[in-house]
Amino acid sequence: MAPSPRQQDRHAFYDGKVQCAAAAAAAAGSADTFQSIDPATAQPVATIYTSSRATVDAAVASAAAAFPGWAATAPLDRSRILHRAVRLLRARNDELARIETLDTGKPLSETSAVDVVTGADVLEYYASFIASGGLNGEALPLRRAAASPSPSLSSSPSPGRATAHAAVSTTASVFTSKEPLGVCAAIGAWNYPLQIALWKAAPCLAAGNTLVYKPSEYTPLHAQYLADILAEAGVPAGVFNVVYGAGPVGAQLAAHPAIAKVSFTGQVATGQKVAAAAAGGLKQVTMELGGKSPLVVLPDCDVDAAVDGAMMANFYSSGQVCTNGTRVFVPRAVQPAFERALVARMAHVRAGDLLDPATNFGPLSSAAHRDKVVAYIRRGLEHDRATLLYGGDTRTTPANAVAAQVPAPLRHGFWVQPTVFTDCTDDMAVARDEIFGPVMCILPYDSVDEAVQRANNTDLGLAAGVFGRDINQCHAVVSQLQAGITWINTWGESPAEMAVGGWKSSGLGVENGRKGIEAWVNNKSTLVELSGVVPTVFAKL
Ligand code: NAD
């Protein structure tokens with residue numbers, strides 16, 4: 001990867017540190033390149049070499065060569081190395097957050113407070129987990145009935161043999177150890193690049209595996225920085241490897257015979273292809289996919305709190321969050337007050353220079369994604385005929401209303417006006433499909449049972465949330481919602497201790513928490529016979 005000659009001043013802090021990747025790629029004979037584009041200016045930031053098939057093979061071979069040594073490293077030693085990486089990540093938060101802002105178009109106020117921090121938190125969590133014996137095996141003393149080791153062996157043809165069994169100890173012991181899978185692959189999406197990389201690399205490396213990571217082609221800049229930090233912390237060469245490129249590079253990884261597991265974050269349709277490719281080798285998969293999550297406002301809610309939740313669930317990261325609560329179910333009686341408070345709150349959405357701490361709303365990540373989101377807004381207006389409550393500007397920049405609010409050099413960025421449709425019905429495309437942009441749909445309802453039934457009426461099941469004063473009712477509603485991640489009276493928080501993953505088409509498996517690392521190990525159960533007698537039907541006569 002090399003810095004583009006057209007770098008702008010605002011890109012000056014990006015120092016092209018990742019040129020070593022370019023050298024490696026060039027050496028491996030890659031001719032194809034792609035560009036990282038700053039979404040705020042639509043200007044190129046860097047040119048990146050697409051990893052050739054030979055480079056991908058070399059990365060997998062490097063991970064395979066490093067595996068035995070890393071797997072044999074004592075958990076406490078792995079933990080010390082990973083803790084050093086955590087300290088480096090935190091110390092370089094500013095630099096990493098700026099890179100994420102440059103690559104994703106998210107305001108620095110977000111990337112510095114959340115993206116790097118939540119990535120480092122998960123690495124710290126698993127580094128501590130393995131040090132405290134979290135991956136130690138489980139031992140189970142096994143006491144079997146005397147003279148009857150198992151039903152199939154109890155009818156020994158030899159009476160003398162049965163007596164011998166009765167005379168000896170009948171205690172055996174079973175233990176299950178957790179062992180690394182081997183070489184794993186991680187394929188990331190563009191909305192939380194560093195966080196996604198760390199949510200996969202942390203449990204993977206902590207458990208003793210080695211990894212080949214492919215970032216999204218839209219947001220590649222963090223990957224080499226992360227590789228450098230891990231190397232500086234003492235992660236041996238070959239344990240964490242990066243390859244670059246679009247779908248074909250990911251597809252090669254997903255089908256690679258030397259890869260034991262694929263952890264994927266992205267769209268449902270891509271996840272299906274990755275799972276199908278991985279199925280050929282019966283690889284393990286973790287799938288973190290899309291959502292169209294319901295946020296259910298209950299009749300007794302604190303309206304201001306519910307509006308806070310709906311704002312976070314729709315406009316944080318300009319709506320580019322997988323768990324977004326874009327279907328906001330509001331009781332008809334509460335609807336007028338909710339909408340008044342919501343429209344007033346829209347004045348607090350501030351587009352602007354992403355490095356300005358006051359900016360809380362950025363452009364979308366790419367021109368292609370901007371076009372997709374604008375097409376949905378147009379569809380909501382013209383085809384679905386949803387009632388427009390706020391926004392709805394379908395002009396692209398620099399004509400879009402948001403572009404007028406930002407400094408001149410940013411007007412050609414991929415800005416889309418935050419938009420709220422109301423009186424939506426479940427069949428509308430805007431209320432049904434994952435848009436992954438700042439588009440909220442308000443769906444009025446008459447009874448809580450109806451809201452729950454409609455909230456669940458989707459193939460997706462990533463997240464769901466409830467706002468209400470009666471905590472018992474909140475729990476009762478959450479218990480009926482079909483989603484892997486749920487919130488009561490808040491939206492979006494996902495600490496390292498919390499296992500997260502989708503139901504239905506939104507995913508397979510979980511990340512984070514104690515459960516998350518289980519997806520990166522093989523279980524090996526061993527039964528030790530302590531009696532000195534081997535149960536057998538072929539006893540000496
Ligand atoms: P995407 O599916 O387009 O791409 C994701 C990754 O897959 C990219 O690295 C891409 O290059 C790669 N890829 C594309 N085709 C491939 C193939 N055939 N084989 C292997 N890899 C392939 O997704 P995106 O647009 O980058 O990300 C947005 C999506 O990610 C949204 O649907 C969002 O909900 C989802 N997401 C989910 C979570 C979660 O935790 N559930 C988190 C973040 C994003």
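Taking the charge dipole of segment 294-488 about its Cα centre, with +1 at Lys and Arg Cβ atoms and -1 at Asp and Glu Cβ atoms, the residue from Val439, Ala358, Gly468 reaching farthest to the positive side is Ala358. For segment 294-488, the share of DSSP beta bridges that are antiparallel, to the nearest 5, is 15%.
In plain terms, the chain from Asp228 to Ala279 could stretch by 15.1 nm, reckoned as 0.36 nm per residue minus the Cα-Cα distance. Taking the Cα atoms only, what angle lies between the long axis of helix 116-131 and the longest principal axis of the chain, rounded to 10 degrees? The answer is roughly 10 degrees.
Residue separation of Glu179 and Ser128 scaled by 0.36 nm, minus their Cα-Cα distance, works out to 16.6 nm of gained length.
Helix 268-279 axis versus longest C-alpha principal axis of the chain: approximately 20°, rounded to the nearest ten. Averaged over its residues, segment 294-488 has an accessible area of 38 Å² per residue, based on protein heavy atoms and a 1.4 Å probe. Take every Cα-Cα pair in segment 294-488 and report what % of them are more than 24 Å apart. Taking all Cα-Cα pairs of segment 294-488, the fraction more than 24 Å apart is 36 percent.
Rounded to the nearest 10 degrees, the inclination of helix 93-104 to the longest alpha-carbon principal axis of the chain is 70 degrees.
Beta bridges per DSSP, both residues in the chain: antiparallel share near 45 percent.
To put it simply, the accessible area of the chain at a 1.4 Å probe is 56 percent carbon and sulfur. Computed from the Cβ-Cβ distance with R0 of 41 Å, the FRET efficiency linking Thr526 to Arg469 stands at 0.15.
Taking amide H atoms as placed 1.01 Å from N in the peptide plane, the amide H of Phe467 lies under 5 Å from those of Val296, Val297, Leu298, Asn489, each 5 or more residues away in sequence or on another chain. Over the chain, the alpha carbon radius of gyration divided by the compact-protein estimate 2.2 N^0.38 Å works out to 1.11. Estimated from helical segments only, the mean residue ellipticity of the chain at 222 nm is -11500 deg cm²/dmol, where each DSSP H run of four or more residues counts as -39500 (n - 2.57). Shown is the FRET efficiency for Ala31 and Ala429, computed with R0 = 25 Å from the Cβ-Cβ distance and rounded to the nearest 0.05: 0.05.
The values are calculated or read from the model by the stated rules, or taken from the named source; none is laboratory data. In this text the structure is predicted, and so the values were computed from the model without any measurement. Every residue, glycine as well, gets a Cβ built from its backbone with ideal geometry; the counts of neighbours run over all protein chains shown. To get the accessible areas, we keep the full protein, side chains included, count just its heavy atoms, and leave off ligands, DNA and RNA. Shrake-Rupley method; radii C 1.70, N 1.55, O 1.52, S 1.80 Å.
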